[in-house]
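Following: one structure in structure tokens, then a few remarks.
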Amino acid sequence: MSLRDAHARLMAQRDEVDTAFKGIDAAVAAIPATPRAPARPARPRRPRLPHPIPKGLPPAGALPSLTQMADPECKTNVRAQRSFASVAQLGSWLELMTGAAGLDGERCGVKVALRECSRLIGVAQPLASAWLQAIPGPSQFRLRSSLYVIALQRWLGLPIHMASAANVAAAETLGDELLKGCEHTTRHNRVVAAWVRAVQAARGSAHTRATAEAPAWSAPSVPDFVSEYAGQAGAHQAGEVKVYNTIIADAAQLLRGATQAFGATRARLLAENLGDYAPSEVVAPRSDGAARTAKYQAALDGGHDVLVLISEVWGGFSPEAMRLLGELAQARNDGVDLERANATWSTSSFTSYHGQLLSLAVQWGVAIEIERAIKKSARFC
């Protein structure tokens, strides 16, 4: 293929991806509006969930023409290779999504198409691939080989070899049923520890800690960790960590997870934990106008902050989680001066350092739960 043909193909692919993404945006905008309660008169609003499409499609004007590419003074050439690569990568992602949506069949009562769309959306979310960039030098960035294989095969949508070798039922070799049937505290506690480490790295350890009992200001609810005096006007912060499996039996939630990023988790968990304090652009008020009581009602009424930090088993972290990571990084000027002894060349900032640790925590927790479930249900005959 000539350079002229390759360039024309990439430009055409960018337009095709742009058209397809606009179609997805239109489909999200077509979600029926939910009217506000009578007590809160306002125009009808619909919840705004993160779109499933990954970011990074460059505008047409950011891609240089062949003539511009030959001009060393042309500013459009700056990082042009990255822009063209983004077009190719997003085109491949769109092709995968289109193919996944057309898959037939069911597995354990779940449509294969929905499962694959949910996975593809999940692995495109923030930090979902950060664990793959971790350099296994320092111990905290290492993942045992057997767990790494499980995590990678599941992340890529492949059957888990260990499950097949152990003669686990074929329907479970993707790990979905194995995750449903095992305990969930391992992955949860691992991610909580990673969050506590990140918060302490930015604010110090004096007032940030994991909790097993309810502080007086949040009772009776027990947060996963607290960061005292870190909220507005010296209020406290309570961290509620969630690590959810989006491949569930609830057909409506499964469909949301297969069409929108965090569609199966974010709005529901924010409503459950924050009640009427949940952001209205994500959680619509109840149609009957009744108040929605939050799990952390006492803490919220007392002026304290409640951080609902959601991650999914595919490795992605919600907008609220990424906002907190950004705030912590800002407090440290996004530097790793304190972590320099354990940093690697791929962790040159606070965001990348602790982002990789959070990503590894999810993958380690999910993989070890699957490994334990495989060994428990293995049949050697």
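Key figures
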read-out: Every residue from the stretch 195-242 that is more than 21 Å from His354 (Cα to Cα) and acidic (Asp, Glu); value: Glu213
read-out: Counted residues, the stretch 90-110 - those being of a type outside the set (Val, Ile, Thr) and in contact (Cβ under 8 Å) with a residue 12 or more places away in the chain; value: 12
read-out: The stretch 347-381, residues that are more than 21 Å from Tyr244 (Cβ to Cβ), among the hydroxyl-bearing types (Ser, Thr, Tyr) and at pLDDT 90 or above; value: Thr347, Ser348, Ser349, Thr351, Ser352, Tyr353
read-out: Tally of residues being part of a loop (DSSP other than H, G, I, E, B) and either modelled with pLDDT of 75 or more or in contact with a Lys or Arg (Cβ under 7 Å, 6 or more places away or on another chain) (or both) across the stretch 45-64; value: 7
read-out: Qualifying residue in the stretch 82-101 (condition: farther than 30 Å from Pro159 by Cα, touching a helix residue (DSSP H, G or I) at 6+ places or on another chain (Cβ under 9 Å) and at pLDDT 75 or above); value: yes
read-out: Filter result (part of a helix (DSSP H, G or I), within 20 Å of Glu371 (Cβ to Cβ) and touching a residue at least 24 places away in the same chain (Cβ under 8 Å)) within the stretch 123-139; value: Trp131
read-out: Any hit, the stretch 20-30, residues being under 30 Å from Ala271 (Cβ atoms), outside any helix (DSSP H, G or I), of a type outside the set (Phe, Trp, Tyr) and modelled with pLDDT under 85; value: yes
read-out: Residue, modelled with the lowest pLDDT, within the stretch 167-200, restricted to residues that are farther than 21 Å from Lys242 by Cα and surrounded by 18 or more Cβ atoms within 10 Å (Cβ to Cβ); value: Val168
read-out: Thr67 being modelled with pLDDT under 85, more than 23 Å from the chain's Cα centre (by Cα) and more than 30 Å from Pro159 (Cα to Cα); value: no
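The values are calculated or read from the model by the stated rules, or taken from the named source; none is laboratory data. The shown structure was predicted, so the numbers you read here are calculated from the model rather than taken from an experiment. Cβ: placed from backbone, ideal geometry, glycine included. Neighbour counts: every protein chain shown.
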